[in-house]
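The values are calculated or read from the model by the stated rules, or taken from the named source; none is laboratory data. What you are looking at is a predicted structure, and each value in this text was computed from that prediction instead of being measured. Backbone-built Cβ (ideal geometry, glycine too); neighbour counts: all protein chains shown.
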Amino acid sequence: MDVIRTFVPGSFANYNHLVYSEQTGEAAAVDPFDAAFLVDVAERNNLKITQIWITHEHGDHIKDVAKLKAATQAPVYAPVTCKGKVDADHWLEDEQQLFIGQQAITHLLTPGHIAGHGVYLYLNKQAPESDFIIAGDTLFNAGVGNIKSGNVDELYDSIEKLHKWLTPGCRIYTGHDYIETNLKFTLHYCPQLEEAKTTLLNVAKQTPDSRSVQTWHQEMAYNLFLRLDSEEVCSMTKCAPNRKARFTELRHLRDQW
Ligand SMILES: [Zn+2]
């Protein structure tokens, strides 16, 4: 199992992903924004789109679901918490497995950015370097999803849940290319954070298409929302009394920035 990431032209800095089986050439298209573009990407890589997966109901994540379904006849899978908000053929529970060929991927419910949100996690005990997560708008590089239509307590719980599931080498595939802005926020408050500085220098040389894919281990070094017990987060949040309070204050600071 592996992933092709595409930066979608004309979108809101959205990434779309094809999760595919090397053995069978079958692929799941996640959050299709532009059906024709995705079909073209699949064809150029000798893949056949046989499933459509949704992370959440926001318009930029479901824009071309119906068009892609019409073009491919692929069934649509969505988190059960999106019922009534999106059209789907299959509703996914927490920890439910999906299959592409023989290979399993786990769907996790991750409310917070919005009540109905799910992520797709591939873990391979024999080859942990091939682990990855399709994180939608729950987790971003150097940040987390906004809560304009969500709830910060739920988002905190969902990020804590990811701490339990993700492996150090797990590659993080996000719904948008926000890394540069998020690192600038990080460095505004934590100018001494070396990992943020060096990552921003690298990122500045890249385009959204060539952006390196970061691992969970790398994220832990500069993503403040994953570093709730660090000195810098303690001082930024005036040593709020617990992890959830520090997370909430961080989200607030990011919203104000
Ligand atoms: Zn969203």
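Numerical summary
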{"item": "Selected residue (criterion: modelled with the lowest pLDDT) from residues of region 9-56 that are of a type in the set (D, E) and either crowded, with 18+ Cβ neighbours inside 10 Å or closer than 24 Å to K85 by Cα (or both)", "result": "D34"}
{"item": "Residues that are surrounded by 20 or more Cβ atoms within 10 Å (Cβ to Cβ) and either out of contact with any Lys or Arg (no Cβ under 8 Å at 6 or more places or on another chain) or aromatic (F, W, Y) (or both), drawn from region 224-250", "result": "L224, F225, L226, R227, R246, F247, L250"}
{"item": "Residue that is nearest to G112 (Cα to Cα) [pool: residues in region 236-257 that are out of contact with any helix residue (DSSP H, G or I) (no Cβ under 9 Å at 6 or more places or on another chain) and without any contact (Cβ under 8 Å) to a residue 12 or more places away in the chain]", "result": "A245"}
{"item": "Unique match (being within 16 Å of the ligand (Cβ to nearest atom), at negative phi, surrounded by 21 or more Cβ atoms within 10 Å (Cβ to Cβ) and outside any loop (DSSP other than H, G, I, E, B)) among Y120, Y156", "result": "Y120"}
{"item": "Counted residues, region 1-53 - those being of a type in the set (S, T, Y) and within 19 Å of A66 (Cα to Cα)", "result": "3"}
{"item": "Unique residue being touching a helix residue (DSSP H, G or I) at 6+ places or on another chain (Cβ under 6 Å) and within 16 Å of the ligand (Cβ to nearest atom) when the list is T186, T138", "result": "T138"}
{"item": "Which numbered condition G143 fails, given (1) surrounded by 21 or more Cβ atoms within 10 Å (Cβ to Cβ); (2) within 14 Å of the ligand (Cβ to nearest atom); (3) more than 22 Å from P208 (Cβ to Cβ)", "result": "(3)"}
{"item": "Selection count, region 188-226, where residues are charged (D, E, K, R) and within 18 Å of the chain's Cα centre (by Cα)", "result": "3"}
{"item": "Condition met for A71 (under 20 Å from S11 (Cβ atoms), over 18 Å from the mean Cα position of the chain (by Cα) and of a type in the set (G, A, S))", "result": "yes"}
{"item": "Where a residue in region 211-225 is more than 12 Å from L183 (Cβ to Cβ) and its partner, wherever it lies, is of a type in the set (G, A, S) and surrounded by fewer than 19 Cβ atoms within 10 Å (Cβ to Cβ), with Cβ under 7 Å and at least six apart", "result": "T215/G169; H217/G169"}
{"item": "Any hit, region 127-146, residues being farther than 30 Å from E249 by Cα, without any contact (Cβ under 8 Å) to a residue 12 or more places away in the chain and of a type outside the set (F, W, Y)", "result": "yes"}
{"item": "Any pair with Cβ under 6 angstrom, 6 or more apart, that starts in region 57-73 at a residue that is at pLDDT 95 or above and ends at one that is more than 16 Å from the ligand (Cβ to nearest atom) and assigned to a loop (DSSP other than H, G, I, E, B)", "result": "D64/D34"}
{"item": "Qualifying position, being of a type in the set (S, T, N, Q), in contact with a strand residue (DSSP E or B) (Cβ under 6 Å, 6 or more places away or on another chain) and either modelled with pLDDT under 95 or farther than 29 Å from K125 by Cβ (or both), among N182, N202", "result": "N182"}
{"item": "Helices (runs of 4 or more DSSP H) wholly inside region 1-108 that include at least 1 residues being within 16 Å of the ligand (Cβ to nearest atom)", "result": "59-62, 65-72"}
